[in-house]
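As structure tokens, the structure follows; a few thoughts come after it.
The values are calculated or read from the model by the stated rules, or taken from the named source; none is laboratory data. None of the values given here were measured: they were computed from a predicted structure. Using ideal geometry, Cβ is built from the backbone for each residue, glycine included, and neighbour counts are taken over all protein chains shown.
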Amino acid sequence: MLRPSWIDNDDEIPDPLGRGEAAVKWLRMLKHPKSKLPGRAFQLDPWQERIIRRIYGPRHPDGTRVVRRVVLLLPRGNRKTSLCAGITLLHLLGTEREAGGLTISAASAHEQAMELFNEAAMIINNDKRLEKHLQVREYVSRITCPKVPSRYVAIASDGKTQHGKTPNVVIADELHAWEGRPGLKQWEALDSALVKVPGTLMIVASTSGRGQENLAWKTVEYAMKVQKGEIDDPATLPVIFMAEPEDDWQDEDLWFAVNPGLAHGYPDLDAYRDKAKKALHSPFDRDSFLQFNLNRWLDQSTSPFVEMQVYDQGNREVDLEEMEITQAPCWLGVDLSKNEDLTVVVAAWRDGTGYQVWPWFFCPEDNLRARGELHGVDYLQWAADGFIIPTPGNTVDLRMVEDHIRELHARFNVKESAFDPTFGRSMMANLNEDGLPAVEFRQGWVSMAPAVKELERAILSGGLAHGGHPVLRWNFSNIQVETDKAGNRMFHKGKSGNKIDGAVAAAMAVARAAAGEEQFTSSASWFTEDMWMA
């Protein structure tokens, strides 16, 4: 379980200029129409007060703020929107106001962007003191303070990207929902703009998301390392409340630990108990409870093949040089897919009762960045790191893939290459003609269900070594599982359309390695789906 160590103690937070104290006092003067405190005073509970003091108190000798980035990760219902609205007003009119200052709150969609805007507008419209100084313009999602002057704008990635802006403060709302190219472009525009002027502040305010190959996880993962003391970065303030996989999700002590508001009456404890009861009998409700109520970061898939923390236990090194020297028997699974995106060749070797696997991914070189952004991942970086092999042009060069398979035959003791014949007949014929065994492996239930079962057995037993290859991991995290009446399981992409080709090819390679040499023959026509029926 992750919880900031400083959130509950009484250790003094440095405040040499009194800016932290001033910010707290100003926020306490606000009113909130939904507050149950006397005079409807803005509710700033001790844990929230500590956050404000940590942001605005510590200063460099020249007076500039130490903290430049805040990663606030809270479960739903802990009033992060209200806290961010208070911070917005603090920079518009309060003690952190700057002449010409611009605060931007950004979200993935217009409706979400309006959540913070509406919260700030509600506070203003119910306080005559604020109404005298602040102008709310709902039709353009803008609040201005003419006398300072300062302004606040709410934007969304489904609108125009905000290039050219010079914000002093950016609040990135629900970053886990910033998907695909629009979300990445918006982040790049806002993040890069924060270097234009000194003393800027980025606040990421979000609940946990899904998957690890996305913008939000990269941001949160870095902040987690800072919070755990693995990285020394005083400019980053992580405020992460998160349940982890080893935690007992039914333990109410855990609920209180990761929901700092529960001790103060929010969220509703009885509602939590009700949701937890439903979660006992419904995997869907359990995932929802874990992600949104306990803030646990989940796998990408909503019906995962295996838990990714179990998959990650196979991050052992796959020594390709050793495989070449020992000439251990090797089987290849080839998923050519469509030629405009990922194609993959996966090699599998027996390793006792388990397997070692290693993939080679191919992708068209043209618009490599855009192709990755379409799926919310960084193909360009993966290519630079050698995890993707770019091929010239805007389609996968199948000649390069075939040449690579031939190179693998020359390098390793390849017994056969298994292909889905949908796209692989021509390449199979070429390889077989030259005496390099290539066989059909159809993608139907009869073929794939046993392959999926064997792959699952290997992963759950800790017997699948994959070296932590990031593209392969992403493919596995995207798997949606379909189950038939007999309990057989199959892979599919689900509605996201994200890639699973590497996982499919790994299942093919592992299945053929499982069959072993006793069933191997060099004939390319020996394999039939009926064999799996035995």
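Within the group Gln313, Gln309, which residue is part of a helix (DSSP H, G or I), touching a Pro at 6+ places or on another chain (Cβ under 8 Å) and closer than 30 Å to Gly354 by Cβ?
Within the list Gln313, Gln309, the selection yields Gln309.
Hey, any hits in the stretch 393-402 for a residue that's small (Gly, Ala, Ser) and in a helix (DSSP H, G or I)?
Among the residues of the stretch 393-402, not one is small (Gly, Ala, Ser) and in a helix (DSSP H, G or I), which makes the answer no.
From the list Ser35, Ser82, Ser105, exactly one residue is polar (S, T, N, Q), outside any helix (DSSP H, G or I) and touching a helix residue (DSSP H, G or I) at 6+ places or on another chain (Cβ under 8 Å). Which is it?
Ser105
Exactly one condition in (1) in contact with a Gly (Cβ under 6 Å, 6 or more places away or on another chain); (2) outside the structural domain of Leu184 (by TED's automatic domain parsing) is false for His60; which is it?
(1)
So which pairs qualify, if the first residue must be in the stretch 271-283 and among the small types (Gly, Ala, Ser), the second must be in a loop (DSSP other than H, G, I, E, B) and at pLDDT 90 or above, the Cβ gap must be under 9 Å, and the two must be at least 6 apart or on different chains?
Hits for this filter: Ala271/Gly77; Ala276/Trp249; Ala276/Gln250; Ala279/Trp249; Ala279/Gln250.
Could you identify the single residue in Glu188, Glu221, Glu179 that is of a type outside the set (Gly, Ala, Ser) and touching a helix residue (DSSP H, G or I) at 6+ places or on another chain (Cβ under 9 Å)?
When all the criteria are applied, what remains is Glu179.
Considering each of Phe476, Phe423 in turn, give the residue that is assigned to a helix (DSSP H, G or I), modelled with pLDDT under 95, touching a His at 6+ places or on another chain (Cβ under 9 Å) and over 16 Å from Trp331 (Cβ atoms).
Phe476
Looking at the stretch 282-309, which of its residues are over 15 Å from the mean Cα position of the chain (by Cα), at pLDDT 80 or above and surrounded by fewer than 16 Cβ atoms within 10 Å (Cβ to Cβ)?
Asp285
Can you tell me which condition Asn295 does not meet? The list is (1) part of a helix (DSSP H, G or I); (2) under 30 Å from Asp253 (Cα atoms), and all the others hold.
Failed condition: (1).
Thr343: at pLDDT 90 or above and loosely packed, with under 15 Cβ neighbours inside 10 Å, yes or no?
no
Among the residues in the stretch 7-18, are any more than 21 Å from Met224 (Cβ to Cβ), charged (D, E, K, R), in a helix (DSSP H, G or I) and modelled with pLDDT of 95 or more?
The answer is no, given that none of the residues of the stretch 7-18 is more than 21 Å from Met224 (Cβ to Cβ), charged (D, E, K, R), in a helix (DSSP H, G or I) and modelled with pLDDT of 95 or more.
What number of residues within the stretch 486-502 satisfy the criterion of being at pLDDT 75 or above and either touching a Cys at 6+ places or on another chain (Cβ under 8 Å) or not polar (S, T, N, Q) (or both)?
Matching residues across the stretch 486-502 total 8.
Here are the criteria: (1) within 25 Å of the chain's Cα centre (by Cα); (2) aliphatic (A, V, I, L, M); (3) over 30 Å from His375 (Cα atoms). Tell me which single one Ala121 does not satisfy.
Just one mismatch for Ala121, condition (1).
Check whether at least one residue in the stretch 439-451 is at pLDDT 90 or above and either in a loop (DSSP other than H, G, I, E, B) or at positive phi (or both), and report yes or no.
Yes, that holds for at least one residue.
Is it the case that the stretch 177-200 has a residue that's free of Cβ contacts under 8 Å to residues at least 12 places away in the same chain and hydroxyl-bearing (Ser, Thr, Tyr)?
Yes.
Residues to consider are Leu455, Leu436, Leu431; find the one that is on the phi < 0 side of the Ramachandran plot, part of a loop (DSSP other than H, G, I, E, B) and modelled with pLDDT of 90 or more.
Only one candidate qualifies: Leu436.
Go through Leu74, Leu17, Leu93, Leu83 for me and flag whichever is in the same structural domain as Trp187 (by TED's automatic domain parsing), more than 24 Å from Ile240 (Cβ to Cβ) and touching a residue at least 12 places away in the same chain (Cβ under 8 Å).
Leu93
With respect to Ser108, determine if the residue is surrounded by fewer than 22 Cβ atoms within 10 Å (Cβ to Cβ), hydroxyl-bearing (Ser, Thr, Tyr) and modelled with pLDDT under 95.
No; evaluated as a whole, the condition is false for this residue.
Looking only at the stretch 403-426, filter to residues that are among the basic types (Lys, Arg) and over 19 Å from Ala515 (Cβ atoms); which one of those is surrounded by the fewest Cβ atoms within 10 Å (Cβ to Cβ)?
Arg425
Say we look at the stretch 124-150 and pick out the residues that are in a helix (DSSP H, G or I) and not charged (D, E, K, R); which of these is farthest from the chain's Cα centre (by Cα)?
Applying the filter and picking the extreme gives Leu130.
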